[in-house]
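Chemist: Below is a structure I'd like to ask you about.
The values are calculated or read from the model by the stated rules, or taken from the named source; none is laboratory data. Small disclaimer: the values here were computed from a predicted structure and weren't measured. Cβ sites come from the backbone with ideal geometry, for glycine too, and all protein chains shown count toward neighbours.
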Amino acid sequence: MASHRMQDALSKYTQYHDSPDSTHNLVVGLVERGSRVLEFGCATGYMSRVLRDRLGATVVGVELEAAAAEEAGLHCDRVVVGDVEELDLEAELGSERFDAILFADVLEHLRDPEAVLRRVRPFVAEGGAVVASIPNVAHASVRLALLAGSFRYREQGLLDDSHLRFFTREGVQDLFEGSGYLIAEWLRRRLEIEETEIPVPASLPEDARAWVTGDPEATTYQFVVRAVPSDEAAQLRELRMNLDEARAELAELRPLRVQVEELEGQAAELEELRPLRGMAEELEALRRAHDILRRRIVAERVAFGEGIAAVQEEVYGSRSWRYTAPMRKAIHGLRRLKP
């Protein structure tokens, strides 16, 4: 079943696109002159011919469809016919080593592209690399169509009906690092939203379009990469995934950080008010001292009044004061009679 789908897929692509920014030219541009090339999915040999004529490369092709392989034989040193996921590569290639192993729009058609990349790694020559082109399923046109509820397969393009796997930039990186390669070079074929085969509904809100197109990869139609074998690739992948998790955790903590900054701001404002707080405390102390003084004065007045009353009681209530009362009355009357 998968072989038939692969055969249908490869029969769609029979022509080399020679525009300056085409994916084909980006792939060929990553191959050095005079290289020994192993091209998977060579189809009719249209890219093999360019590699031979333009770069002087020698090409071994691998093609699933026998008729296409026969045509490719005109441009390749030889062609191996068969399914890359089932071929015995050791038996077919033996001790051959290649400066460039090409997967031009092939990996997305495989059931297990990671396993295939691991299997071809021993055939990469010293200083050689794997060169691949892979569609970007996160192109803005696909995302906007999804927002509108549409995900329809097509005969060619980003949603080719023979694609078994879909990749974003992170997915491409995971694929190569998981199979023992480091991506040494990234290239991109870019297309604006209106230039792809996927129509975007005009009814979508403008802010949705603005949000999607804000992504740096929004216009990346295909990734073109050059990857080199590396024993540390798996470790790098694990470290990168741990870093992604740490970033996610940091994003969750970001609101708390804002709250902390607000509290720090409030603390700074309180620090500025500390002199006023000292003045308030001093005023409160003065108020307490004034209250104590007031109470003391009241107490002294009461004591003074009680002292006067006691004196009066002692004087006016004495026997001599009573005995001399007539005399004081007479003297008071005489004073009134004086002219």
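Chemist: Looking for whichever is assigned by TED's automatic domain parsing to the domain that holds Arg121, without any contact (Cβ under 8 Å) to a residue 60 or more places away in the chain and over 14 Å from Val142 (Cβ atoms) here; the options are Asp207, Asp174. Which one fits? Before you say what the answer is, go through the steps one by one.
Modeler: Numbers: Asp174 fails: without any contact (Cβ under 8 Å) to a residue 60 or more places away in the chain.
The match here is Asp207.
Chemist: I've got another one for you. Ala69 passes all but one of (1) part of a helix (DSSP H, G or I); (2) surrounded by fewer than 19 Cβ atoms within 10 Å (Cβ to Cβ); which number fails?
Modeler: Condition (2) is where Ala69 drops out.
Chemist: Kindly indicate the residue of the stretch 197-210 that is out of contact with any strand residue (DSSP E or B) (no Cβ under 7 Å at 6 or more places or on another chain) and either at pLDDT 95 or above or in a loop (DSSP other than H, G, I, E, B) (or both) and also nearest to Glu155 (Cα to Cα) among those meeting that condition.
Modeler: It comes out as Ile198.
Chemist: Please go through (1) β-branched (Val, Ile, Thr); (2) closer than 26 Å to Asn136 by Cβ; (3) assigned to a strand (DSSP E or B) for Val50 and return the number of the only condition it doesn't satisfy.
Modeler: With (1) β-branched (Val, Ile, Thr); (2) closer than 26 Å to Asn136 by Cβ; (3) assigned to a strand (DSSP E or B) applied to Val50, the lone miss is (3).
Chemist: Do you know which residues across the stretch 166-216 are of a type in the set (D, E, K, R) and buried (at least 16 other Cβ atoms within 10 Å of the Cβ)? Break it down into steps so the answer makes sense when it comes.
Modeler: At the first step, the residues of the stretch 166-216 found to be of a type in the set (D, E, K, R) are 169-170, 174, 177, 185, 188-190, 192, 194-195, 197, 206-207, 209, 215.
Result: Arg169, Asp174, Glu177, Arg188, Arg189, Arg209.
Chemist: On the basis of being of a type in the set (A, V, I, L, M), assigned to a loop (DSSP other than H, G, I, E, B), assigned by TED's automatic domain parsing to the domain that holds Val106 and over 21 Å from the mean Cα position of the chain (by Cα), does Leu158 make the cut?
Modeler: Values: of a type in the set (A, V, I, L, M): yes; assigned to a loop (DSSP other than H, G, I, E, B): yes; assigned by TED's automatic domain parsing to the domain that holds Val106: yes; over 21 Å from the mean Cα position of the chain (by Cα): yes.
Yes.
Chemist: Here is a further query. Among the candidates Thr219, Thr213, which residue alone is modelled with pLDDT of 95 or more, of a type in the set (Val, Ile, Thr) and touching a helix residue (DSSP H, G or I) at 6+ places or on another chain (Cβ under 8 Å)? So that I can check it myself, show each step before the final result.
Modeler: Details: Thr213 fails: modelled with pLDDT of 95 or more.
Result of the check over Thr219, Thr213: Thr219.
Chemist: Does Ala100 fit the bill of being surrounded by 20 or more Cβ atoms within 10 Å (Cβ to Cβ) and part of a helix (DSSP H, G or I)?
Modeler: On the way: surrounded by 20 or more Cβ atoms within 10 Å (Cβ to Cβ): yes; part of a helix (DSSP H, G or I): no.
Criteria not met by Ala100.
Chemist: Would you check which residues across the stretch 109-155 are outside any helix (DSSP H, G or I), in contact (Cβ under 8 Å) with a residue 12 or more places away in the chain, out of contact with any helix residue (DSSP H, G or I) (no Cβ under 8 Å at 6 or more places or on another chain) and among the small types (Gly, Ala, Ser) and list them?
Modeler: Ala125, Gly127, Gly128, Ala129, Ala148, Ser150
Chemist: Any idea how many residues of the stretch 54-66 are in a helix (DSSP H, G or I) and either more than 21 Å from Ala129 (Cα to Cα) or under 40 Å from the mean Cα position of the chain (by Cα) (or both)?
Modeler: Selection size over the stretch 54-66: 1.
Chemist: Tell me which residues, restricted to the stretch 177-191, are outside any strand (DSSP E or B) and touching a residue at least 60 places away in the same chain (Cβ under 8 Å). Give the derivation first.
Modeler: Within the stretch 177-191, the first condition is being outside any strand (DSSP E or B), and the residues that meet it are 177-180, 191.
Hits for the stretch 177-191 are Glu177, Gly178, Ser179, Gly180.
Chemist: Moving on. Select from the stretch 95-147 the residues that are under 25 Å from the mean Cα position of the chain (by Cα) and among the hydrophobic types (A, V, I, L, M, F, W, C) and list them in ascending order.
Modeler: The answer is Ile134, Val137, Ala138, Ala140, Val142, Leu144, Ala145, Leu146, Leu147.
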